[in-house]
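To keep things clear, I will list the structure first and then write my remarks on it.
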Amino acid sequence: VQLQASGGGLVQAGGSLTLSCAASGNSANIDAMRWYRQTPGDVRVFVAVITRSGSTNLGDAVWGRSTISRDNFKNTMYLRINNLTSEDTAVYYCNADHEDETVWGQGTQVTVSS
């Protein structure tokens, strides 16, 4: 299975954006899907997770202003973040549990301008 993250870009502070993570290939048995983010010199930080059945959890950094969702027919996960601040500037990565491994996609850059 391969993951393709998209939706990043330059956004003004206070704005919103929606990131997408599309799975392709042998994607029928994808379980949990997650978002992480990373800034230069730092480790990847957990952002959000959604299971195949739709259970969700959000990380502290986006709690209360984000929604994670997925469309199992399209094999796509979404992350909407509202009220963006400069602290949300990062490369956002998605991953997915597929059979016995966790697969990562490439990142999508989000830059928030103040």
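The values are calculated or read from the model by the stated rules, or taken from the named source; none is laboratory data. These numbers come from a predicted model, not from an experiment. Cβ atoms come from the backbone with ideal geometry, glycine included; neighbour counts cover every protein chain shown. Remember, those area values only see protein heavy atoms, side chains included, never the ligands or the DNA or RNA. Shrake-Rupley method; radii C 1.70, N 1.55, O 1.52, S 1.80 Å.
Scan around Ala48 for amide H atoms under 5 Å from its own, H built in the peptide plane at 1.01 Å from N, and keep only partners 5 or more places away or cross-chain. When sequence neighbours closer than 5 places are left aside, the close amide H contacts are Trp35, Gly59.
A Förster radius of 30 Å, combined with the Cβ-Cβ distance separating Lys74 from Gln12, puts the computed FRET efficiency at roughly 0.55. Surface analysis of the chain yields an accessible area of 52 Å² per residue, using protein heavy atoms and a 1.4 Å probe.
Give me the percent of the accessible area of the stretch 2-114 that comes from carbon and sulfur atoms, probe 1.4 Å, all protein chains in place. Mind dumping the intermediate values first?
On the way: 2800 of 5930 Å².
It is 47 percent, rounded to a whole number.
Put Trp35, Trp104 in order of accessible area, highest first, and with a 1.4 Å probe you get Trp104, Trp35.
Once the Cβ-Cβ distance of Ser24 and Ser114 is raised to the sixth power relative to R0 = 30 Å, the FRET efficiency obtained is 0.25. Classify the stretch 5-45 from the C-alpha gyration tensor, please: rounded if a/c falls under 1.5, else prolate or oblate depending on whether a/b exceeds b/c. Oblate. Sequentially through the stretch 82-92, phi angles give Karplus couplings (6.51, -1.76, 1.60; θ = phi - 60°) of 9, 6, 5, 10, 4, 5, 7, 5, 4, 8, 9 Hz, Gly and Pro residues having no value and appearing as x.
Once you list every other residue whose beta carbon is under 14 Å from the beta carbon of Arg44, what net charge do they have if Lys and Arg are +1 and Asp and Glu are -1?
After counting each charged neighbour, the total is +1.
With N the number of residues in the chain, Rg(Cα) / (2.2 N^0.38 Å) evaluates to 1.00.
Backbone N atoms of the stretch 63-80 closer than 14 Å to the 7 Å Cα→Cβ label point of Asp42 belong to residues 63.
Other residues within the sphere of radius under 13 Å centred on the Cβ of Ser114, judged by their own Cβ, net out at -2 (K and R +1, D and E -1). With a cut-off of 19 Å on the backbone N, the residues of the stretch 15-36 near the modelled label site 7 Å out from Thr67 along Cα-Cβ are 15-22, 33-35.
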